[in-house]
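Take a look at the structure set out below.
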Amino acid sequence: MSYYEFTIRISDTFKDTLIQRLSENGCLGMIENDKSLVAYFPSALDIETIKCDLSLLKTLLEKAGHVHELTYDYTLIPEKDWNETWKKGFQPVDAGERFTILPPWEERRNDRINLVIDPGMAFGTGHHETTRSCLVLMEKYAPNTVRDSFLDLGTGTGILAIAARKLGYRHVIGIDTDHLAVDAARKNVVINQVPDVELREGSLYELQETFEVIAANLISGVLILIAPALSAHMRPGGVAILSGILDGQEDEVLEAMEQTGLRLREKYPDGKWVSLVVERGGKA
Ligand code: SAH
């Protein structure tokens, strides 16, 4: 199979809208750089549909007074060059005090907790601020817990579940509604030699267990919707790390959490994102 590589330059404000539209149009994977977003599509897709949608978005932005906010070009990558192209996008990246996230073809670091992530087609390569914020907060809160149970809600590549196991949590579950994410996460737990991390396809509503720590790197709208279920799956004294919240939306998310009886422990901003740590009252 060969692929189309689209390099799209768009201002930060509209990046999330773009990412959503690209996904809906069959995008297989994206790499976010400082200046552009690189998106891959199978060549079997009708390229005109993708171009049409980008033009439509550009026109909408221009009509709203945002001229020159979106430019793009694209190229066809033959199958034989695909792996090399994909690999170049994934350089090792450090997160928190001790984590290094690296793809399987890079050498492991002896002095770090290595999170080896084969990106596959799932979200969670460590190149996104929200993933890194979760890792920072997980590392920070781990010493305050007995490290019994951890839930990674919306596990993507499995990165946070793997990190939790490596931080010493005994029972770790990663769950995702997307079966492709669960497949990717299954491969990653094997590569990281943490096969006891349990992975499930589904949503929070299907889980019976309660947890000491929950990490949920989703989006504000979903966090608000699931607030009651999230709270019900937290143990007394437990914490939830909530990420994927755009700066300015944190109050709405917090309000939904507070309505279920949770309390704010910490706000952690990173660029245009904010993560929240909330806790459930009571003795652990
Ligand atoms: N935990 C990873 C990936 C976050 S991306 C990281 O921090 O990098 C968010 C993931 O949540 C996606 O894989 C998506 O499929 C999944 N998801 C979205 N809504 C969900 C829901 N309601 N329940 C479970 N998973 C969900």
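The values are calculated or read from the model by the stated rules, or taken from the named source; none is laboratory data. These figures come from a predicted structure and were not determined experimentally. Because the Cβ atoms are built from the backbone with ideal geometry, glycine has one as well, and the counts that use them run over all protein chains shown.
Below, the figures for the structure above:
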| item | result |
| --- | --- |
| Total residues in region 47-106, condition among the acidic types (Asp, Glu) and touching a His at 6+ places or on another chain (Cβ under 9 Å) | 1 |
| Failed item in (1) part of a strand (DSSP E or B); (2) away from the ligand (no atom under 11 Å from the Cβ), with Val146 passing the rest | (1) |
| Unique residue being in contact with a strand residue (DSSP E or B) (Cβ under 7 Å, 6 or more places away or on another chain), over 20 Å from Val274 (Cα atoms) and of a type in the set (Gly, Ala, Ser) when the list is Gly154, Gly202, Gly168, Gly126 | Gly202 |
| Filtered residues of region 188-228 (kept if of a type in the set (S, T, N, Q) and at negative phi) | Asn188, Asn192, Ser203, Gln208, Thr210, Asn217, Ser220 |
| Residues located in region 257-284, provided they are surrounded by 15 or more Cβ atoms within 10 Å (Cβ to Cβ) and polar (S, T, N, Q) | Thr260, Ser275 |
| Test: residue in region 231-244 that is in contact (Cβ under 8 Å) with a residue 60 or more places away in the chain, in a helix (DSSP H, G or I) and either within 12 Å of the ligand (Cβ to nearest atom) or surrounded by fewer than 17 Cβ atoms within 10 Å (Cβ to Cβ) (or both) | no |
| Residues of region 256-269 that turn out to be farther than 15 Å from Ile219 by Cα and either part of a helix (DSSP H, G or I) or modelled with pLDDT under 95 (or both), as a count | 2 |
| Test: Leu137 is within 9 Å of the ligand (Cβ to nearest atom) and part of a helix (DSSP H, G or I) | no |
| In region 26-49, the residues that are closer than 18 Å to Met1 by Cα and part of a loop (DSSP other than H, G, I, E, B) | Gly26, Cys27, Leu28, Ser43, Ala44, Leu45, Asp46 |
| Index of the failed condition, Val197 passing every other in (1) modelled with pLDDT of 95 or more; (2) of a type in the set (A, V, I, L, M, F, W, C); (3) more than 30 Å from Glu255 (Cα to Cα); (4) within 9 Å of the ligand (Cβ to nearest atom) | (4) |
| Region 155-181, residues that are more than 9 Å from the ligand (Cβ to nearest atom) and either farther than 20 Å from Pro143 by Cα or touching a Phe, Trp or Tyr at 6+ places or on another chain (Cβ under 6 Å) (or both) | Ala164, Tyr169, Val172, His179 |
| Residue tally, condition surrounded by fewer than 23 Cβ atoms within 10 Å (Cβ to Cβ) and either modelled with pLDDT under 95 or not in a helix (DSSP H, G or I) (or both), over region 149-166 | 1 |
| Single condition Arg132 does not satisfy, out of (1) within 11 Å of the ligand (Cβ to nearest atom); (2) surrounded by fewer than 17 Cβ atoms within 10 Å (Cβ to Cβ); (3) basic (Lys, Arg) | (2) |
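Results for (1) over 23 Å from Lys88 (Cα atoms); (2) of a type in the set (Ser, Thr, Tyr); (3) out of contact with any Phe, Trp or Tyr (no Cβ under 9 Å at 6 or more places or on another chain), shown as yes or no for each residue.
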{"position": "Cys52", "(1), (2), (3)": "yes, no, yes"}
{"position": "Thr59", "(1), (2), (3)": "yes, yes, yes"}
{"position": "Lys63", "(1), (2), (3)": "yes, no, yes"}
{"position": "His66", "(1), (2), (3)": "yes, no, no"}
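This table checks each residue for (1) aliphatic (A, V, I, L, M); (2) surrounded by fewer than 21 Cβ atoms within 10 Å (Cβ to Cβ); (3) closer than 22 Å to Val274 by Cβ.
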residue	(1), (2), (3)
Asn188	no, no, no
Ile191	yes, yes, no
Val194	yes, yes, no
Glu206	no, yes, no
Thr210	no, yes, no
Val222	yes, yes, yes
